[in-house]
Amino acid sequence: MKRGIARTAVRRWGVALAVPVLLGSCATTDDAGAPEPVRTPTPTPTLALRIERTGGLIGPAVEPGRLPALSAYADGRVITPGPQIAVYPPPALPALQVQDAGMDTVARLAVDAVMAGVQPDTDFGDPGVADATTTVVTAVTGEGVHRVRVPALIEASVDDPELTPAQRAARTRLKNFIQRATRLPTDDHLPEPEPYRSVSLAALARPYTPADEAPVSPAPTRQWPGPALPGAVVATDGRITCTVVTGAEADRVRDAAAQASVLTPWRSGDKTWDVTFRPLLPDESACTDLAGF
């Protein structure tokens, strides 16, 4: 892509996202002419780019708890999985990190994603790899929302006989873009990532069953500190429910989860539950925003 075209695309993308912000900042005046304070709800951050994987061997019950590999927003924030502690069982709360990459960097990422093939007419083929994941890339530019779903992008070999040379080339371009985008946390020209603390948490509950490979000392059952489980939203397999906690309630749940592992049983009422904790990202507010619901 020529540099002038890229610059125009980024400028158009930025203007499109700036309009709602300007409209939301207007003030009114009272009869005396003095400006009145504007009390408008905080707008939901505009998603610019998301890279995620769905499906595979994890099963539909676990799908809603899966976190994207990258979520970038128009305000410059980039949220990615943080460093994971090498312990078993792992902590109940997944680690996320946030980085201020800057609005220009995020805008260019969205445009680059489209140029890398995130367009409805791109043919990535389907190698038919069993139990493979599907890579989903969503880019938002001034031209609208662009999304592709590529089966077995990670698992298929570069010379898979089920793919044409054009399909292989399209997959290589997209993979190269994803690798570059997900390396942002290590970019020396950007601020260091910091731990991301979500405003809200989703508690994904299913009836408790002991793990097949339980540790020598099983985790003690803990009293559930949030609203009564199991919740009301059911995933595709009918066994998992979802409850969103926010504000002070989310703080209590987060503090309790910080002392637990993924194998910790949670007691709510007269039943015991397995709970997966899924921090909600800035553009998410409800269980229906998660994959699998």
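Values for this structure:
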quantity: Filtered residue count, the stretch 257-290, keeping only those that are more than 15 Å from Thr209 (Cα to Cα), hydrophobic (A, V, I, L, M, F, W, C) and surrounded by fewer than 19 Cβ atoms within 10 Å (Cβ to Cβ); calculated: 2
quantity: Among the residues listed as Thr138, Thr209, the single one being β-branched (Val, Ile, Thr) and assigned by TED's automatic domain parsing to the domain that holds Lys271; calculated: Thr209
quantity: Output for the stretch 236-293, where each listed residue is free of Cβ contacts under 8 Å to residues at least 60 places away in the same chain and touching a Ser or Thr at 6+ places or on another chain (Cβ under 6 Å); calculated: Val244, Thr246, Ala250, Pro265, Arg267
quantity: Failed item in (1) at positive phi; (2) part of a helix (DSSP H, G or I); (3) small (Gly, Ala, Ser), with Gly125 passing the rest; calculated: (2)
quantity: Residue list for the stretch 162-200, filter: touching a Pro at 6+ places or on another chain (Cβ under 6 Å), of a type outside the set (Ser, Thr, Tyr) and within 30 Å of Ala257 (Cα to Cα); calculated: Pro185, Pro193
quantity: The stretch 135-157 - residue that is in a strand (DSSP E or B) and touching a helix residue (DSSP H, G or I) at 6+ places or on another chain (Cβ under 8 Å) and, of those, farthest from Thr46 (Cα to Cα); calculated: Val150
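This table checks each residue for (1) of a type in the set (Phe, Trp, Tyr); (2) at pLDDT below 80; (3) part of a strand (DSSP E or B).
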site	(1), (2), (3)
Ala203	no, no, yes
Ser217	no, yes, no
Pro220	no, no, no
Ala228	no, no, no
Gly231	no, no, no
Arg239	no, yes, no
Val244	no, no, yes
Arg252	no, no, no
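Residue by residue, here is whether (1) crowded, with 19+ Cβ neighbours inside 10 Å; (2) without any contact (Cβ under 8 Å) to a residue 24 or more places away in the chain holds:
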residue	(1), (2)
Met115	no, no
Asp123	no, no
Asp131	no, no
Ala152	yes, no
Glu155	no, no
Val158	no, yes
Glu162	no, no
Asn176	no, no
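The values are calculated or read from the model by the stated rules, or taken from the named source; none is laboratory data. In this text, all values refer to a predicted model and were calculated from it rather than measured experimentally. For neighbour counting, all protein chains shown are included, and Cβ atoms are generated from backbone atoms with ideal geometry for every residue, glycine included.
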